[in-house]
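The block underneath contains the structure these notes are about, expressed in structure tokens.
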Amino acid sequence: MASITRLSVTPQAVNFGEQVTLAATVQPANPAAGIPAGSVAFLDGSAILQTVPLDGTGHATFSTTALAAGFHSLLSVYTPAITFSPSSSSPVPVTVATQTIGGGNNGSGSQGAIDVTALLNVSVTRPKGRKGLARRIVTLTNNGNAAVAGPLALVLDGLSRKIKLRRRTGFTSANPPAESQYLDVSPGGDGTLAPGATLNVILSFNNPLRKKIHFTLRILAGPGTR
């Protein structure tokens, strides 16, 4: 009989060394089939973190503080004891930042800014105004449990080189894709964006050819190499 496996992870954004709890629920596709028995393997990508037996309600839980700094894709895989067929959950993304967010390793072996896009809720809107006014309003909200240390770099991946970001700080070099225009901004008086806090940034462009302004926004934190 078919089974359905679901995974929740709490929280999905932590500092290195903080606890992450994975909770799996296995249910029958047919509610009349009873409660599945067996075990659930919790995986980080293809690496098994832990295998836990299901309890009498079809639940299994695992907590860890051992996730490395960086981005993770966690999932749970159900192995049945009898009757039911195996199933897997959808992957759940988790971001683990260094202990002081923004002071981490950029993955190239040198100290640099780290990507904290997953820690933030990011929205980009086009304000009303006179025709041809090239502006975008970026709103950043810290959805994590820790303050994000600035400065923050707003990286505009994919923006045409024929469109110039006004007041840009420079072009990325250490954080691929390279040669993306970026702007450094300070999140507040103490240089951090506290949990739940919001920062609004107005991006202005020189766009003499009236080309379509298209980019993917990436947020880097810390004073390191961009």
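The values are calculated or read from the model by the stated rules, or taken from the named source; none is laboratory data. Because the structure is a prediction, the values reported are computed rather than measured. FYI the Cβ positions are ideal-geometry reconstructions off the backbone, even for glycines, and counts take in every protein chain you see.
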Task: Odd one out for Val77, checked against (1) of a type in the set (A, V, I, L, M, F, W, C); (2) out of contact with any Gly (no Cβ under 7 Å at 6 or more places or on another chain); (3) under 22 Å from Glu18 (Cα atoms) - done: (3)
Task: Number of positions in the stretch 57-84 that are of a type in the set (Phe, Trp, Tyr) and under 17 Å from Pro36 (Cβ atoms) - done: 2
TODO: Could you tell me which residue of the stretch 28-68 is nearest to Thr10 (Cα to Cα), considering only residues that are in contact with a Gly (Cβ under 8 Å, 6 or more places away or on another chain) and surrounded by fewer than 17 Cβ atoms within 10 Å (Cβ to Cβ)?
DONE: Thr65
Open item on the list: Go through the stretch 174-217 and report how many residues are at pLDDT below 80 and outside any loop (DSSP other than H, G, I, E, B).
Closed with: 1
- [ ] Inspect the stretch 218-225 for any residue being modelled with pLDDT of 85 or more and hydroxyl-bearing (Ser, Thr, Tyr) and give the result as yes or no.
- [x] no
Open item on the list: Restricting to the stretch 40-62, name every residue that is charged (D, E, K, R) and in contact with a Ser or Thr (Cβ under 8 Å, 6 or more places away or on another chain).
Closed with: Asp44
TODO: Give me a count of the residues in the stretch 3-14 that are buried (at least 17 other Cβ atoms within 10 Å of the Cβ) and farther than 19 Å from Gly56 by Cα.
DONE: 4
- [ ] Kindly indicate whether any position in the stretch 43-53 is more than 24 Å from Asn143 (Cβ to Cβ) and outside any strand (DSSP E or B).
- [x] yes
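Scan the stretch 189-213 residue by residue and report those that are within 19 Å of Ala13 (Cβ to Cβ) and either surrounded by 12 or more Cβ atoms within 10 Å (Cβ to Cβ) or touching a Cys at 6+ places or on another chain (Cβ under 6 Å) (or both).
Looking only at the stretch 189-213, we keep the residues that are within 19 Å of Ala13 (Cβ to Cβ), and these are 192-199.
Selection gives Thr192, Leu193, Ala194, Pro195, Ala197, Thr198, Leu199.
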Task: Qualifying position, being of a type outside the set (A, V, I, L, M, F, W, C), at pLDDT 95 or above and within 25 Å of the chain's Cα centre (by Cα), among Ser110, Ser39, Ser73, Ser89 - done: Ser89
Task: Matching residues in the stretch 2-19 - criterion: being closer than 14 Å to Ser73 by Cβ and at pLDDT 95 or above - done: Leu7
TODO: Could you grab me the full set of residues in the stretch 5-42 that are in contact (Cβ under 8 Å) with a residue 60 or more places away in the chain and not in a strand (DSSP E or B)?
DONE: Pro11, Gln12, Phe16, Gly17, Glu18
